[in-house]
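Novice: The structure is given below, and queries will be raised subsequently.
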Amino acid sequence: MLPVLILVAGLGMSAKLAGIWQTLGGSTLAFAAETAEEAGDPAAPAAGAEDLLANTEPPIPEGQVTDLSSDLFDLTDEELSLLQALSQRREELEQRAREVDEREVLLKAAEQRIEQKIRELEGLQGSIEALLVEHDEQTEAQMKSLVKIYESMKPKQAARIFEELDMEVLLEVIERMKERKSAPILAQMNPQRAKTVTLELAQRRELPLPRE
């Protein structure tokens, strides 16, 4: 009985080994076929590779445009006119933008010239004001010198000179003189001339001061 069991177990083991060998052999042959096909072996079966490429190539969807350049020839006349109008409008806008930029440059240059002129005029105004102040100071010094001269003269001598002086100059001199010095001189002058001088002095003293 024991020898029979050993024989049956041996036969079963042999069958399993044979199945494993067939499986490994089939896989090895398939791997070798694929390797030979990739290497370009002429002995490899080509039908399987072609079938594989045919199955792996993605299908092109229906209605897909393959040539983009053909779109331009499919446009209608209205679409072409619209494209031309848009292109012309774009050129006009770009031209206007360039003109605006040029005007801004010209305006900036004009503003710089105006600012330069303003600075020059301000400098000139300052020079004129300085000259006027200097002139006023010189005029005031001359008037004070004349006042001292006339105050030191005798009233009769000063009266003869006053009758010949220009009225504006005479008024400037008398206004700067002390009253105790100018009164005797006016008394020695021609009565009509002395009256005119008195009225002019009164009118000048009543004038309001200029507002700042």
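Novice: Lys156: which lysines have alpha carbons under 26 Å from its alpha carbon, excluding same-chain residues fewer than 8 sequence positions away?
Specialist: Reachable lysines: Lys144, Lys148, Lys178, Lys181, Lys195.
Novice: What figure, in Å² to the nearest 10, do you get for the accessible area of Val133 with a 1.4 Å probe and non-protein molecules left out?
Specialist: 80
Novice: When Lys and Arg each count +1 and Asp and Glu each count -1, what net charge do the other residues less than 13 Å away from Arg96, Cβ to Cβ, add up to?
Specialist: With Lys, Arg at +1 and Asp, Glu at -1, the neighbours total -3.
Novice: Quick one: give the max-minus-min coordinate of the C-alpha atoms of the stretch 93-175 along each principal axis, largest first, in Å.
Specialist: 91, 19, 14
The values are calculated or read from the model by the stated rules, or taken from the named source; none is laboratory data. These figures come from a predicted structure and were not determined experimentally. Quick reminder, even Gly has a Cβ in these numbers, built from the backbone with ideal geometry, and neighbours come from all protein chains shown. Quick note on the areas: whole protein, heavy atoms, side chains included, nothing else; ligands and nucleic acids left out. Shrake-Rupley method; radii C 1.70, N 1.55, O 1.52, S 1.80 Å.
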